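Colleague: Input: one structure, supplied below.
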Amino acid sequence: MNVVTIINKKRQGLPLTKEEISYMVDGYVKEEIPDYQMSAFLMSICLKNMNEEEIFYLTDAMLHSGNLLDTSMFGIHTVDKHSTGGVGDKTTLVVAPLVASTGVDVIKMSGRGLGFTGGTIDKLESIHGFQTYLTEEEWMKQIEEIHVCIASGGKDLVLADKKMYALRDVTGTVESLPLIASSIMSKKIASGSKKIVMDVKVGKGALMKTEKEAEELAKTMIQIGKRYGVTVKCVLSSMDSPLGYAIGNGLEVKESIDALQGKFAPDFYELVLSLASQMVALGLEISKEEAEEKVITNLKNGQAYEVFLKLVEKQHGNIEKVDIADTTYDVCSEEEGYITSIDALGLAQISSKLGSGRENLEDTIDYGVGLWLLKKPGDFVKKGEALLRVYYREKIVEKEEILKSFRIEKEQKKGTSILLKYIV
Ligand code: URA
């Protein structure tokens with residue numbers, strides 16, 4: 001087999017065989033194929049797409065590039081949740097303990113933030129002492145005791161994705177349906193998930209900019225899941241505006257603690273309720289309505305928060321010490337009116353400039369910096385009233401730059417739900 005022939009074949013839009021795809025993935029992992037050839041291959045996939053069969057072969061080749069976790073000892077009740085990545089997306093921090101509080105086992109293998117999207121592992125590491133690396137024995141014990149663990153994916157899972165994702169990030173090849181679907185699904189299958197609820201984000205602050213693209217991604221992931229006997233249910237949710245109030249690691253932990261104590265931003269509540277109910281319905285094999293009742297009860301009676309506290313304690317975190325910068329400034333509105341939109345991507349980039357995001361996986365980040373929205377879309381703001389609080393340390397961002405992310409109009413726009421569609 002010849003690498004250039006395979007690249008040329010895809011460049012011409014022709015379908016590749018299982019052997020050709022495996023040859024590329026295996027060769028790259030073994031470092032027999034250099035970055036420049038893999039980059040050309042990835043770009044040809046971005047431009048010419050892949051059919052369902054090819055996407056499955058790609059997922060399978062990536063899946064077998066590393067170890068596989070066996071979680072079958074937990075029976076069929078283990079349920080996983082995944083988000084395709086958004087701004088201010090701290091949902092896992094609330095949903096995982098909430099679902100676990102109903103008795104469903106949640107083994108959550110999470111990642112770090114890259115580019116404008118945040119990562120659950122970074123958020124948790126803003127809690128002093130929190131250990132995100134657990135041995136297989138440790139997380140098994142934790143599941144037995146409290147039904148939930150949130151850990152960084154084992155070092156040896158899906159080696160191909162680690163290399164390919166880093167390469168995609170610097171070669172303009174992240175936004176491609178076959179590459180996103182295979183990257184996500186290979187990791188989910190490798191970490192042993194049998195039932196998955198996917199939060200597919202749509203909008204300016206998401207990888208999928210339109211509902212049509214997101215729907216296609218959802219359907220592709222459902223089909224891949226079927227091939228492995230894995231149930232995948234997708235919720236399409238809007239990511240035009242940041243989710244909830246906080247953007248930035250420590251701040252998002254604070255918002256999650258508030259939420260688990262009953263203080264939710266309305267959009268965050270809607271999303272948490274939907275994802276958690278789907279997971280509980282899948283895990284306990286009950287109706288969505290029954291599941292929703294359990295979820296609401298455990299939010300109200302504090303059981304979800306208790307599980308969160310136990311999770312932090314078991315993973316050696318000190319909940320009294322969450323890294324949040326103590327220097328702040330407010331950005332105030334220069335006009336009066338209704339907020340009709342807040343640019344998620346714009347604010348993510350600003351938070352990144354403050355130090356909360358990384359360009360490369362090796363970059364160090366500042367867990368304590370970020371943004372806290374004091375107004376959400378639909379709210380009325382007076383001239384001079386604060387729109388947002390900036391938590392900073394060394395770097396600041398000019399107020400004028402931040403104001404560009406807010407659209408303020410005289411007329412109030414009709415409120416819309418963050419939930420766009422269910423695809424099951
Ligand atoms: N999340 C992933 O894990 N992979 C992608 O390619 C995009 C989002």
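Bear in mind that the values in this text are calculations on the coordinates, not laboratory data. These numbers come from a predicted model, not from an experiment. In this analysis, Cβ positions are derived from the backbone assuming ideal geometry, glycine residues included, and neighbour counts consider all displayed protein chains.
Colleague: Name the shape class, rounded, prolate or oblate, that the alpha-carbon gyration tensor gives for the range 274-387, where a ≥ b ≥ c are the square roots of its eigenvalues, rounded holds for a/c under 1.5, and otherwise prolate holds if a/b is larger than b/c and oblate otherwise.
Modeller: Working: a/c = 2.14, a/b = 1.39, b/c = 1.54.
Here the range 274-387 falls in the oblate category.
Colleague: Tell me the net charge near E306. Cut-off is 14 Å between Cβ atoms, E306 excluded, with +1 for each Lys or Arg and -1 for each Asp or Glu.
Modeller: That works out to +1.
Colleague: Tell me, what are the semi-axes, in whole angstrom and largest first, of the equivalent ellipsoid of the chain as set by the roots of 5 times the Cα gyration tensor eigenvalues?
Modeller: Working: eigenvalues 227, 142, 86 Å².
Computed over the chain, the values are 34, 27, 21 Å.
Colleague: Same structure again: Measure off 7 Å from each Cα along the Cα-to-Cβ vector at K353 and E53, then give the distance between these two points in nanometres to one decimal.
Modeller: It is 5.0 nm.
Colleague: Can you give the extra length, in nm with one decimal, that the chain gains between K321 and E335 once fully stretched, where that is 0.36 nm per residue apart less the Cα-Cα distance?
Modeller: That pair, K321 and E335, stretches by 1.3 nm at full extension.
Colleague: On to the next question. By per-residue mean of other Cβ atoms within 10 Å, what is the highest-first order of 396-404, 247-255, 263-271?
Modeller: The most tightly packed comes first, giving 247-255, 263-271, 396-404.
Colleague: Using unit Cβ charges (K, R positive; D, E negative) and no other charged atoms, how large, in debye to the nearest 20, is the dipole of the chain about its Cα centre? It would help to have the intermediate numbers written out before the result.
Modeller: Values: 52 positive and 63 negative charges, 139 e Å.
Charge dipole of the chain: 660 debye, to the nearest 20.
Colleague: Rounded, prolate or oblate: which fits the range 72-314, taking a ≥ b ≥ c as square roots of the Cα gyration tensor eigenvalues, rounded meaning a/c under 1.5, else prolate when a/b beats b/c?
Modeller: Values: a/c = 1.28, a/b = 1.22, b/c = 1.05.
Rounded, because the longest to shortest axis ratio a/c is under 1.5.
Colleague: Right, something else. Which length gain, in nm to one decimal place, applies between M140 and Q261 when the Cα-Cα distance is subtracted from 0.36 nm times their residue separation?
Modeller: 40.8 nm
Colleague: Here's a follow-up. What full-extension length gain, to one decimal in nm, is calculated for K414 and D379 as 0.36 nm per residue of separation minus the Cα-Cα distance?
Modeller: 11.5 nm
Colleague: Can you tell me the orientation of helix 288-300 relative to the chain, as the angle in degrees between its alpha-carbon axis and the longest Cα principal axis, to the nearest 10?
Modeller: Computed tilt is about 50 degrees.
Colleague: Can you tell me the orientation of helix 249-260 relative to the chain, as the angle in degrees between its alpha-carbon axis and the longest Cα principal axis, to the nearest 10?
Modeller: Taking the Cα atoms of the chain, the angle to 249-260 is about 70 degrees.
Colleague: Past 19 Å, Cα to Cα: identify those pairs from K90/K414; K194/K421; K81/K123, in the order given.
Modeller: K90/K414; K194/K421
Colleague: Listing L179, L42, L371 from the residue with the fewest other Cβ atoms within 10 Å to the one with the most, what is the order?
Modeller: With the sparsest Cβ surroundings first, the list reads L179, L42, L371.
Colleague: Quick one: dipole size for the range 366-424, taken about the Cα centre, charges +1 on Lys/Arg Cβ and -1 on Asp/Glu Cβ, in debye to the nearest 20.
Modeller: Details: 14 positive and 9 negative charges, 59 e Å.
Its charge dipole is roughly 280 debye.
Colleague: Which shape class, rounded, prolate or oblate, goes with the range 3-48 when its Cα gyration tensor gives a ≥ b ≥ c as root eigenvalues, a/c under 1.5 marks rounded, and past that a/b bigger than b/c marks prolate? Show your work: numbers first, answer last.
Modeller: On the way: a/c = 2.16, a/b = 1.38, b/c = 1.57.
Oblate is the answer for the range 3-48, as a/c is 1.5 or above yet b/c matches or exceeds a/b.
Colleague: State the three equivalent ellipsoid semi-axes of the range 327-409, derived from the C-alpha gyration tensor as the square roots of 5 times its eigenvalues, in descending order and whole Å.
Modeller: So the three semi-axes of the range 327-409 are 25, 13, 9 Å.
Colleague: Which percentage, to the nearest 5, of the DSSP beta bridges contained in the chain is antiparallel? Mind showing how you got there, number by number?
Modeller: Numbers: 24 of 44 bridges.
Percentage antiparallel, nearest 5: 55.
Colleague: Among H82, I146, V202, which residue has its Cα positioned farthest towards the positive end of the charge dipole of the chain, with +1 placed on the Cβ of Lys and Arg, -1 on the Cβ of Asp and Glu, and the dipole taken about the Cα centre?
Modeller: Most positive-ward Cα: V202.
Colleague: Taking 23 Å as the cut-off for C-alpha to C-alpha distance, list the pairs among K18/K162; K226/K288; K219/K376 that go past it.
Modeller: On the way: K18/K162 21 Å; K226/K288 21 Å; K219/K376 31 Å.
Among K18/K162; K226/K288; K219/K376, the Cα-Cα distance tops 23 Å for K219/K376.
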